[in-house]
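Inspection log for the structure reproduced underneath, given as structure tokens.
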Amino acid sequence: KRLTALAALAVIFDGFAIQILAFAIPSLIREWHVPRSDFGPVLAVGLAGMALGSPLAGYCGDRFGRRAALIGCVALFGLGTTTTALVHGLTELTVLRFLTGMGAGGALPNASALAAEFAPLRRRPVAVKLTIVCVPLGGMLGGLIAARVLPVFGWRALYAIGGTAPVLLALVL
């Protein structure tokens, strides 16, 4: 139960990391004076990072252990998100979105595989579903957090919060 809960929490943070840029774009547009269309490639690069990170982390999970791979992925997307709070332009943002995407893309397959491997056979489907459903849950909770943090503290604080939580979770894992 504890493993499934920790895996689900990692995936919740993963869902937040995936969605965080969508919440921050209006603030970034105002601060950097760039058009919304400039964020299309940044969003695409994040998805490319996920597409690369998923099979790479799956391989690492098979080779070095799923726990180690999950910890590495959670740390990567957490550090990438936290560091994004320090960027001052689209180039830096793009690089960090790629790295964050790699970690986010690799966390879900390792979290769900761990849940499947350690859950009792009769509870395995529920354990896997609980981890997978946490991606949109993380995005939803991220939206609720963003609604409170952005108007008061700004986008940098949102990234600091969204990155610090998974880094702390990586230490727990």
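Observations on the model:
- Restricting the trypsin sites (Lys or Arg not before Pro) of the stretch 1-41 to loop positions (DSSP other than H, G, I, E, B) with no more than 15 neighbouring Cβ atoms within 10 Å leaves 1.
- Farthest toward positive dipole pole in the stretch 2-149 [+1 Lys/Arg, -1 Asp/Glu at C-beta], among 5, 59, 83: 5
- The slack between residue 123 and residue 172, meaning 0.36 nm per residue of separation minus the straight C-alpha distance, is 15.2 nm.
- The distance separating the Cα centre of the stretch 100-158 from that of the stretch 26-94 comes to 15 Å.
- For the chain, a simple Cβ point-charge model (Lys and Arg +1, Asp and Glu -1, everything else neutral) yields a dipole of about 640 debye relative to the Cα centre.
- Only Cα pairs under 8 Å and 6+ residues apart enter the sum, and on that basis the relative contact order of the stretch 55-173 stands at 37 percent.
- Under the criterion of Cα pairs below 8 Å and six or more residues apart, the relative contact order for the stretch 57-111 equals 48 percent.
- Apolar share of the accessible surface for the stretch 1-122: 68 percent from carbon plus sulfur atoms, 1.4 Å probe.
- Eigen-decomposition of the gyration tensor built on the alpha-carbon atoms of the chain gives equivalent ellipsoid semi-axes of 29, 16, 13 angstrom, largest listed first.
- Comparing 21, 90, 144 in a Gaussian network model of the chain (Cα springs below 10 Å), the most mobile by mean-square fluctuation is 144.
- Among 46, 27, 135 - extreme Cα towards positive end, dipole of the chain, charges at beta-carbon: 135
- Computed over the stretch 10-107, Cα set: Rg, Dmax in Å: 13.7, 45
- Taking the stretch 68-101 and a reference point 7 angstrom along Cα→Cβ of residue 47, no backbone N atom is nearer than 11 Å.
- Using a Gaussian network model of the chain in which every pair of alpha carbons under 10 angstrom is joined by a spring, one finds that among 74, 135, 87 the greatest mean-square fluctuation is at 87.
- Nearest-0.05 FRET efficiency for residue 22 and residue 62, computed from C-beta distance (R0 41 Å): 0.80
- Between residue 3 and residue 157, the contour length at 0.36 nm per residue exceeds the Cα-Cα span by 52.5 nm.
- Accessible surface, the chain, averaged per residue in Å² (probe 1.4 Å): 50
The values are calculated or read from the model by the stated rules, or taken from the named source; none is laboratory data. Predicted model, so just to flag it, every value in this text is computed and none were measured. Reconstructed Cβ throughout: ideal geometry from the backbone, glycine too, with neighbour counts over all protein chains shown. SASA here: full protein model, heavy atoms, side chains in, ligands and nucleic acids out. Shrake-Rupley method; radii C 1.70, N 1.55, O 1.52, S 1.80 Å.
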